[in-house]
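Structure, as structure tokens:
The values are calculated or read from the model by the stated rules, or taken from the named source; none is laboratory data. Model, not experiment: these values are computed from the prediction. Please note: Cβ atoms are built from the backbone with ideal geometry, for glycine as well, and neighbour counts cover all protein chains shown. Remember, those area values only see protein heavy atoms, side chains included, never the ligands or the DNA or RNA. Shrake-Rupley method; radii C 1.70, N 1.55, O 1.52, S 1.80 Å.
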Amino acid sequence: MLQQKKIILGVTGGIAAYKCAQLVRLLIKEGAEVKVVMTKSGCDFITPKTLSVLSKNEVILDFFDSNNNWNNHVHLAEWADLFLIAPLTANTLSKMASGACDNILLATYLSAKITTTVVAPAMDLDMYKHETTKLNLEKIKSFGNLIIPAENGELASGLSGEGRMAEPEHIVDFLKNHFASQMPLHGKKVLVNAGPTYEAIDPVRFIGNRSSGKMGIAIAESFARKGAAVTLVLGPTHLVPSGSSIKLKRVESAEQMFKSCTEEFDSCDIVVCSAAVADYQPKTVSSSKIKKNEGLLNLELIKTTDVLSELGKLKKQQCLVGFALETDNLQAYAEQKLKKKNLDIIIANSASEEGSGFSGDTNKVTILDRHNKITNFELKKKTEVAEDIVNYIVDFIK
Ligand code: CTP
């Protein structure tokens, strides 16, 4: 969640500053880019060198660096996605509340127009309890700053109670939750099915199709990047989604696909059925390998369950999205499927058009929705098509 996030860490002069070494390490480990700005008294508790090595950036201590170059606090504030002040002393807190600006940390704070500022106060027991502190915290909260409350425990003075800076792990969790809450699909549950299904003929043979699952996997990944909790029900393919946040359920047959999807369906907000579910399965599955003989081999096939149609019947609050793979009359057939299967959106793609369809890396789609809106997209990489589809769905559910 902190991958490539740009974070300024402001360090003020409290004993908890020693924990900033660990804090910077954790932020870097999570993939964040960190620049540290310190007050003079912050340097009494931890050396800028330590934080410079750990953050892989020079620490900013004053309006001018050692070569007399101006440290542009406006650019610094513009660079950041978030300004974290940890520890925040009572002194810096009161200056933030009153608008004082006698150091580079405060100048950066005042310059941070769009950047969210998060503070982790650290004070001794009675300072933290003091009415002025409480008022100042309320005041900076009313400016839109976020506060990570001090934690309970042993304090540097020997007293015990509230005032300890939140542990670095808790600060990192707070930031992760903060960034997650900013994502467009935060709190949404999404189900995607993808890949082919295999319908057994005997223990060694099956009826399958050429679907790679690429399109559906890219859609699941795109949903996850936008903060949704994603479950991917995936048929037999060697491909897997990247990133560990996607809950993966492997299935083989149409029946298993149906069972797995209906188990998840009720609690979902968005459901995308991109799987190339087999339309037919052998009426009986031979328990032993079928031996070859002289005559013809006749297989009797029966229809599989249409997963999407069944979900369409169960639909309540869900935004239900299906695919239509056609060789001809693309739009007309897609419209029919949209209505017949009770869908909100259908993604029509051609099985015969150059660059479209099953196994390749590209696709060309037309999106139709239940408000009769039709949008044509260019031929693109499947990952880009997935972004278009997910963006369309995000707009649609708004
Ligand atoms: N689908 C499904 N279960 C099936 C068959 C299809 O869930 N047994 C879903 C697919 O995942 C897709 C949509 O239905 O989202 C349309 O699939 P498609 O193969 O284009 O059409 P079919 O409904 O199977 O009809 P036809 O093959 O006759 O075009």
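State the answer as a single residue: which of Leu26, Ala97, Leu110 lies farthest towards the positive end of the charge dipole of the chain, with beta carbon charges of +1 for Lys and Arg and -1 for Asp and Glu, about the Cα centre. Value: Leu26. Each Lys and Arg contributes +1 and each Asp and Glu -1, all at the Cβ; summed about the Cα centre of the chain, the dipole is approximately 600 debye.
Residues in the stretch 6-181 average 48 Å² of solvent-accessible surface per residue, probe 1.4 Å, ligands and nucleic acids excluded.
Evaluated over the Cα positions of the stretch 1-154, the convex hull gives a direction-averaged projected area, one quarter of its surface, of 8.8 nm². Taking all protein chains together, Ser160, Ser41, Ser309 sort by accessible area into Ser160, Ser41, Ser309, largest first [probe 1.4 Å]. Across the chain, C-alpha contacts under 8 Å between residues 6 or more apart give a mean separation that, scaled by the residue count, equals a relative contact order of 10 percent. Just the protein heavy atoms count here, and of the accessible area of the chain at 1.4 Å, carbon and sulfur take up 51 percent. Using the Cβ-Cβ distance between Glu78 and Asn57 with R0 set to 22 Å, the FRET efficiency from 1/(1 + (r/R0)^6) comes to roughly 0.85. For the residue pairs Lys139/Lys189; Lys129/Lys176; Lys249/Lys381; Lys247/Lys364, the alpha carbons lie more than 30 Å apart in Lys139/Lys189.
Taking a ≥ b ≥ c as the square roots of the Cα gyration tensor eigenvalues, with a/c under 1.5 meaning rounded and otherwise prolate when a/b beats b/c, else oblate, which class fits the stretch 299-376? Taking the square roots of the gyration eigenvalues as a ≥ b ≥ c, the stretch 299-376 is oblate.
Computed from the Cβ-Cβ distance with R0 of 30 Å, the FRET efficiency linking Ile28 to Ser245 stands at 0.90. Across the stretch 237-355, Cα-Cα pairs farther apart than 20 Å form 56% of the total. Since only Ala228, Leu137, Gln3 are under comparison, the one whose Cα sits farthest along the positive direction of the charge dipole of the chain, derived from C-beta charges on Lys, Arg, Asp and Glu, is Ala228.
With the contact rule set at Cα under 8 Å and sequence spacing of 6 or more, what percent relative contact order holds for the stretch 6-181?
22
I need the Kirkwood Rh of the chain: take the reciprocal of the average 1/r across all distinct C-alpha pairs and report it in angstrom. For the chain, inverting the mean 1/r across all distinct Cα pairs yields 24.8 Å.
For the set Arg370, Arg205, Arg210, the ranking by accessible area, highest first and with no ligand, DNA or RNA atoms included, is Arg210, Arg370, Arg205 under a 1.4 Å probe.
Please give the calculated 222 nm ellipticity per residue for the chain, where each DSSP H segment of at least 4 residues contributes -39500 (n - 2.57) and the sum is spread over every residue; nearest 500 deg cm²/dmol?
On the way: 13 runs with 132 residues, N = 398.
Helices in the chain give a 222 nm mean residue ellipticity of -10000 deg cm²/dmol.
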